[in-house]
Amino acid sequence: MQVFITGGSGYIGRSTIQALIRHGIEVMALTRSEHSARTVSDLGATAVVGALTDTDVLREAARQADGVIHLGVDYAEGTADVDRGAAEAMQDGAGSRPYVHTGGVWVYGDTDGVVDEDAPLSPPRITAWRLENEKRVLARAVTGERPVVVMPGLVYGRSGGLVQSFFVEPGRAAGAVPCIGDGSNHWALVHVDDIAALYVLALNAPAGSVYAGVSGQNLPLAVVTRALSHAAGCPGSLDSLTLEEAVQRMGPIAEAFALDQQFTGARAHRELGWTPTRLDALAELGPGLNRPPRPRSSLVRHALLGRLSCRINNPAGRYIRSASCAGCRSGAS
């Protein structure tokens with residue numbers, strides 16, 4: 001099998017190329033510079049020279065492949081139009097073969113507790129353009145094509161991604177990591193290697209499917225930024241910003257960081273067998289972080305870790321250990 005991928009030299013793309021190759025899949029990767037061509041080649045992919053605006057190149061590469069994964073984004077002016085044109089070209093080339101498109105859970109806005117892919121949509125400004133494009137992508141399922149949309153949560157891991165660019169690096173420079181508001185809002189997290197695994201599985205998903213790429217780690221921003229302060233070399237130092245101040249400093253993406261989102265990835269697990277394995281975000285985001293003492297209540301301990309999947313014996317006020325609970329397996333009690 002051979003897959004054509006855009007954005008292969010990027011943060012998620014590099015892990016996705018590695019995941020594809022581990023599954024014995026040959027990879028062709030779109031590259032627009034010598035540097036990105038070297039990056040994908042070093043990972044084992046074949047470079048295809050072009051940009052997201054080169055629709056003829058995209059169409060032909062998709063036609064030659066057995067499947068397509070679209071990860072690339074052109075952040076220059078006209079992002080929505082470029083993405084729409086690129087998607088149409090690749091879907092034209094792919095025909096009835098799998099086409100996996102990238103969305104993001106930010107389009108759901110604030111959630112009322114833990115939700116799934118059927119929650120109402122209310123995107124912040126920075127991702128509002130995705131709605132119409134994803135609607136067009138999925139509409140082609142009725143013509144016999146095989147579009148699928150993967151919607152990653154906030155991706156972390158391998159010392160990269162948005163948390164590194166907007167929180168760790170500024171925190172290292174300023175001596176304090178920014179925290180928007182009181183930090184009580186939740187982030188729906190997923191490790192970069194886990195989301196890469198989902199992209200591979202999505203190549204075999206039913207046409208028209210939508211999957212939230214989240215690992216069930218719905219952590220408060222205050223907890224995350226405290227961990228990031230250790231990575232930034234300023235343990236415990238946070239710079240509390242109002243939303244207005246954050247937008248002024250970070251741009252409109254701050255509105256997305258301020259969303260209160262909690263998601264489940266149960267659909268991807270149920271339909272594709274996707275099982276995230278990197279389930280301790282705090283350990284990776286904050287190397288050297290001193291964990292708080294073990295609380296008396298098992299419920300508190302498990303909730304802090306985001307691993308509350310075991311059953312509670314309410315009358316006895318204690319846990320019944322479960323083999324399916326990562327908290328129980330790790331010895332939390």
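The values are calculated or read from the model by the stated rules, or taken from the named source; none is laboratory data. Values in this document were obtained by computation on a predicted structure and should not be read as measured data. Every residue, glycine as well, gets a Cβ built from its backbone with ideal geometry; the counts of neighbours run over all protein chains shown. Surface accessibility is based on the protein's heavy atoms, side chains included, excluding ligands, DNA and RNA. Shrake-Rupley method; radii C 1.70, N 1.55, O 1.52, S 1.80 Å.
Okay, here's what the table says:
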read-out: Accessible area per residue, Å², the chain with all protein chains present, probe 1.4 Å; value: 45 Å²
read-out: Percent accessible area from carbon and sulfur atoms, the chain, protein chains only, probe 1.4 Å; value: 50 percent
read-out: Centroid-to-centroid separation of the range 131-155 and the range 49-99 [C-alpha atoms, Å]; value: 13 Å
read-out: Antiparallel bridges, percent of DSSP beta bridges restricted to the chain (to nearest 5); value: 15 percent
read-out: Neighbour-limited loop hits for trypsin sites (Lys or Arg not before Pro), the range 114-205 (at most 15 other Cβ within 10 Å; DSSP other than H, G, I, E, B); value: Arg158
read-out: Ser209 long-range amide H proximity, modeled H, under 5 Å; value: Val149
read-out: Principal-axis tilt of helix 11-22 within the chain, Cα atoms, nearest 10 degrees; value: 70 degrees
read-out: Accessible area (Å², 1.4 Å probe, nearest 10) - Met28; value: 20 Å²
read-out: Unit charges at the beta carbon, dipole of the chain: most positive-side option, Thr242, Ala19, Val210; value: Ala19
read-out: Cα pair distances of the range 188-255 binned at 10 Å [whole percent]; value: 16, 30, 32, 17, 4
read-out: Accessible surface of His35 - all protein chains present, 1.4 Å probe, nearest 10 Å²; value: 120 Å²
read-out: Accessible surface ranking that places the most exposed of Glu132, Glu117 first, with a 1.4 angstrom probe; value: Glu132, Glu117
read-out: In degrees, nearest ten, helix 79-94 long axis to first principal axis of the chain (Cα); value: 60 degrees
read-out: Max mean-square fluctuation residue, GNM over the chain, Cα-Cα springs under 10 Å, options Leu121, Leu154, Leu30; value: Leu121
read-out: Computed helical MRE - 222 nm, the chain, DSSP H runs ≥ 4 contributing -39500 (n - 2.57), nearest 500; value: -10500 deg cm²/dmol
read-out: Principal-axis tilt of helix 34-43 within the chain, Cα atoms, nearest 10 degrees; value: 70 degrees
